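The values are calculated or read from the model by the stated rules, or taken from the named source; none is laboratory data. These numbers come from a predicted model, not from an experiment. Note that we place each Cβ from the backbone using ideal geometry, even for glycine, and neighbour counts take in every protein chain shown.
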Amino acid sequence: MSKQANLYSFADVATLAPALRAYVIQCQEAGLARHGVFKVGVSGGSLPKTLAQALLAPSTDNGDAVKWDRWEIFFADERAVPLDHADSNYALLKAELLDKLPADVQQPVVHTIDPQYLGDTQELADQYEQSLVRSFASRDSVKLPIFDLLLLGCGPDGHTCSLFPGHELLRETSAWIAPIEDSPKPPPRRITLTLPVVTHSVRIAFVATGAGKKGIMKEIFEDSKGLPCALVNEGTGERCSWFVDNAAVEGVSYPRRPFSL
Ligand SMILES: O=C(O)[C@H](O)[C@@H](O)[C@H](O)[C@H](O)COP(=O)(O)O
């Protein structure tokens, strides 16, 4: 089996979505078998919308069901803004996905940032880290939390979470959650999972679509240059899977695999 990241390419988002769903369900079942809950981290950008397309579709059989009541959702990164702010990743996930769950479905547990600490990003990060400690402590040695799955986006500069190219945060080795005050992408004040936590996850899935991603996908898969997305690939190998559309990887000379679980 390949030790490299899997690159799965689809004609469009409509064909990508069922494959992403199958992958998420597999991770869900593995998480439930291991510890009775599914601990997943999500990012912002276009991901919540794609995720909704994948997960709100009716299940085709019992093996395909999203068990929302067993999900614990964390944010791979979050902006230091109120939870109802237009820049909030939580607000985005709520609008795109959580609010669209059928009324008879029990909502997942969602771990948001605590807005009372918005004035101090270090405290905001520390408090969010404490919510991870509370959630993960019972099953891990708590050296590092182990997410069952991280669902991540890839920025046009190769950033993921709020880990930006060349930023000193990429050298963080001890914190689980770190503050950032100078994000090159607005808004500047955020918190983010650190690279060791990302690479420690059981599975990592990137979702990147659209021709606008072509240039950066080439750099990530051909040159790397220490780009955050490439560092995740290098740190996780085959535990990492990319769900992309053909437009995003046109001209990229990295082997695509036919999607299979
Ligand atoms: O906090 C952020 O700035 C976003 O969450 C960001 O990290 C996003 O995930 C990528 O920029 C990919 O965005 P798209 O999925 O929209 O391409």
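Do we have any residue at all in the stretch 154-175 that's assigned to a strand (DSSP E or B), buried (at least 22 other Cβ atoms within 10 Å of the Cβ) and in contact with a helix residue (DSSP H, G or I) (Cβ under 6 Å, 6 or more places away or on another chain)? Checked the stretch 154-175: at least one residue is assigned to a strand (DSSP E or B), buried (at least 22 other Cβ atoms within 10 Å of the Cβ) and in contact with a helix residue (DSSP H, G or I) (Cβ under 6 Å, 6 or more places away or on another chain). Within the stretch 14-40, the set of residues being of a type in the set (Val, Ile, Thr) and either more than 24 Å from Val110 (Cβ to Cβ) or loosely packed, with under 14 Cβ neighbours inside 10 Å (or both) comprises just one member, Thr15. Annotation: Ile177 fulfils all but one of (1) of a type in the set (Val, Ile, Thr); (2) over 30 Å from Gly63 (Cβ atoms); (3) touching a Lys or Arg at 6+ places or on another chain (Cβ under 8 Å); the unmet one is (3). If you check Val197 against the conditions, is it over 16 Å from Phe164 (Cβ atoms) and not in a helix (DSSP H, G or I)? When the stated conditions are applied, Val197 does not pass them.
Tell me whether the stretch 50-64 contains one or more residues that are under 13 Å from Ala205 (Cα atoms), crowded, with 20+ Cβ neighbours inside 10 Å, aliphatic (A, V, I, L, M) and in contact (Cβ under 8 Å) with a residue 24 or more places away in the chain. There is at least one residue in the stretch 50-64 that is under 13 Å from Ala205 (Cα atoms), crowded, with 20+ Cβ neighbours inside 10 Å, aliphatic (A, V, I, L, M) and in contact (Cβ under 8 Å) with a residue 24 or more places away in the chain. Just one of the numbered conditions (1) within 12 Å of the ligand (Cβ to nearest atom); (2) in contact (Cβ under 8 Å) with a residue 40 or more places away in the chain is not true of Gly166: (1).
Take the stretch 195-246 and flag every residue that is among the charged types (D, E, K, R) and more than 13 Å from the ligand (Cβ to nearest atom).
Arg203, Lys218, Glu219, Glu222, Asp223, Lys225, Glu234, Glu238, Arg239
Condition (residue is out of contact with any Phe, Trp or Tyr (no Cβ under 9 Å at 6 or more places or on another chain), of a type outside the set (Phe, Trp, Tyr) and either surrounded by 14 or more Cβ atoms within 10 Å (Cβ to Cβ) or at pLDDT below 95 (or both)) applied to the stretch 111-119: is it met by at least one residue? Within the stretch 111-119 (the criterion being out of contact with any Phe, Trp or Tyr (no Cβ under 9 Å at 6 or more places or on another chain), of a type outside the set (Phe, Trp, Tyr) and either surrounded by 14 or more Cβ atoms within 10 Å (Cβ to Cβ) or at pLDDT below 95 (or both)), the answer is yes, since at least one residue qualifies. Every test in (1) within 12 Å of the ligand (Cβ to nearest atom); (2) among the aromatic types (Phe, Trp, Tyr); (3) free of Cβ contacts under 8 Å to residues at least 12 places away in the same chain is passed by Tyr117 save one, and that test is (1).
Matching residues to (1) within 13 Å of the ligand (Cβ to nearest atom); (2) over 18 Å from the mean Cα position of the chain (by Cα); (3) assigned to a strand (DSSP E or B):
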| position | (1), (2), (3) |
| --- | --- |
| Leu151 | yes, no, yes |
| Pro179 | no, no, yes |
| Asp182 | no, yes, no |
| Lys185 | yes, no, no |
| Gly251 | no, yes, no |
| Tyr254 | no, yes, no |
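For beta carbons closer than 7 Å, sequence separation of 6+ or different chains, a first residue in the stretch 148-162 that is closer than 24 Å to Gly31 by Cβ and hydroxyl-bearing (Ser, Thr, Tyr) and a second that is modelled with pLDDT of 95 or more and near the ligand (Cβ under 6 Å from one of its atoms), the qualifying pairs are Thr160/Gly153; Thr160/Cys154. Entry remark, the stretch 1-40: residues being over 18 Å from Glu238 (Cα atoms) and among the aromatic types (Phe, Trp, Tyr) number 2 in total.
A quick yes/no check of all residues on (1) buried (at least 16 other Cβ atoms within 10 Å of the Cβ); (2) at positive phi; (3) in contact (Cβ under 8 Å) with a residue 24 or more places away in the chain:
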{"residue": "Pro188", "(1), (2), (3)": "no, no, no"}
{"residue": "Val197", "(1), (2), (3)": "yes, no, yes"}
{"residue": "Glu219", "(1), (2), (3)": "yes, no, yes"}
{"residue": "Leu227", "(1), (2), (3)": "yes, no, yes"}
{"residue": "Ala230", "(1), (2), (3)": "yes, no, yes"}
{"residue": "Val244", "(1), (2), (3)": "yes, no, yes"}
{"residue": "Val249", "(1), (2), (3)": "yes, no, yes"}
{"residue": "Leu261", "(1), (2), (3)": "no, no, yes"}
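Considering the stretch 33-60, the residues that are closer than 15 Å to Ala17 by Cβ and not hydrophobic (A, V, I, L, M, F, W, C) include one that is nearest to the ligand (Cβ to nearest atom), namely Ser46.
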